[in-house]
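Asks: This is the structure I have questions about; it appears just below.
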Amino acid sequence: MDYEEIPPDNPPYARKKIQTAMNYTRNKLKKGKFNIDEFEVVSVEIESDKIGSEFDNYTIIQLTDIHLGQWITKEKLMGIVELINKENADLIVLTGDYVSYQVDDCLDELEESLRCLKTKDAILSVLGNHDHWINPVKVKHSLERCNIINLENEVFTVYKGDSKLQIAGVDSITYNKDDINQVLERIDENSPAIMLAHEPDFADITSKYDPFILQLSGHSHGGQMNIPKLGTPIRGKNFLKYPSGKYNVNNMIQYTSRGVGTNGFWLRINCPPEITKIILKKV
């Protein structure tokens, strides 16, 4: 696949230096080791009468916001991959932000880890805002070398018997790379569809269209903290409305995963890193 060589918006030099300093501190504190107890596999059932009988109990693993090179090290990511492979998923979807402020060394480690993912049908991805900020061309090449199909306002269809399941993906909303009309040109309105969108508030657009039963997103890291009685106090651009968990948006479900990585600071309060397991149910 050929990609247009668009120059990235390089992050400020200071941020790269800060990440280097944080990584040094992380390694000194021995915080780069994988600990299975730090990660939560969250199961979410999605019920719909649009789901064909062949897709009843179909499982999708969502992995998002790795931000490799900060709190997530290669060792941690390899442990995450092992957790995912134990789930024996039908499909794996990756919803963006693979790196934060540094690219070349991180992408080598990303490829070594993601190549180990195992699934029955396919591994699909979309890019996040950090991927566009760093170098979208390099990130897409890395995903391609891992046999991951990146969806840029495209649709991937899984066929089983007389039924099909459509997985659509829009490019980063933050960078105005999304094109819902391009997606709709490829959608069969008579079959169920799932949207992959890095930024969760795009659900307000996705939910306008009848085939979509679900949107899967990340971007927020769940706010990185969940305060009793207050919920998620930290919200930002494109995750103001749907920062964490499951929401009913019109006739569609929006699910925002807390993701596995962090950005800017490592702290999480009542907001553990999440691998999401979606189970489709026909009703």
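Asks: Restricting the search to segment 48-101, which residues are open to solvent by 10 Å² or more (accessible area, probe 1.4 Å), touching a strand residue (DSSP E or B) at 6+ places or on another chain (Cβ under 7 Å), more than 17 Å from residue 272 (Cα to Cα) and in a helix (DSSP H, G or I)?
Replies: Within segment 48-101, 53, 54 meet the criteria.
Asks: Let me ask something else. With (1) in contact with a His (Cβ under 9 Å, 6 or more places away or on another chain); (2) surrounded by 23 or more Cβ atoms within 10 Å (Cβ to Cβ) as the list, and residue 194 as the residue in question, which single condition is left unmet?
Replies: With (1) in contact with a His (Cβ under 9 Å, 6 or more places away or on another chain); (2) surrounded by 23 or more Cβ atoms within 10 Å (Cβ to Cβ) applied to residue 194, the lone miss is (1).
Asks: Here's another thing I want to ask about it. Looking at segment 154-170 only, could you name the residues that are open to solvent by less than 10 Å² (accessible area, probe 1.4 Å) and more than 16 Å from residue 91 (Cβ to Cβ)?
Replies: Hit for segment 154-170 is 170, nothing else.
Asks: Still on this model: Could you pull out every one of the strands (runs of 3 or more DSSP E) wholly within segment 208-283 that has 2 or more residues that are open to solvent by less than 40 Å² (accessible area, probe 1.4 Å) and under 29 Å from residue 35 (Cβ atoms)?
Replies: Fully inside segment 208-283 and qualifying: 212-217, 252-256, 274-282.
Asks: Follow-up question, since we're still on this one. Any idea how many residues of segment 210-243 are more than 25 Å from residue 267 (Cβ to Cβ) and in contact with an Asp or Glu (Cβ under 8 Å, 6 or more places away or on another chain)?
Replies: 2
Asks: Moving on to the next point. Out of all the residues in segment 223-237, is one or more basic (Lys, Arg) and touching a strand residue (DSSP E or B) at 6+ places or on another chain (Cβ under 9 Å)?
Replies: No, there is no match, as no residue in segment 223-237 is basic (Lys, Arg) and touching a strand residue (DSSP E or B) at 6+ places or on another chain (Cβ under 9 Å).
Asks: Right, another one. Which of the residues that make up segment 108-129 are in a helix (DSSP H, G or I) and either open to solvent by 10 Å² or more (accessible area, probe 1.4 Å) or basic (Lys, Arg) (or both)?
Replies: If the condition is that a residue be in a helix (DSSP H, G or I) and either open to solvent by 10 Å² or more (accessible area, probe 1.4 Å) or basic (Lys, Arg) (or both), then 108, 109, 111, 112, 129 are the ones that fit.
The values are calculated or read from the model by the stated rules, or taken from the named source; none is laboratory data. Just so we're clear, the structure is a prediction, and the values are computed from it rather than from any experiment. Note: ideal-geometry Cβ built from the backbone for every residue, glycine included; neighbour counts use all protein chains shown. The area values use the complete protein model at the heavy-atom level, side chains included, leaving out ligands, DNA and RNA. Shrake-Rupley method; radii C 1.70, N 1.55, O 1.52, S 1.80 Å.
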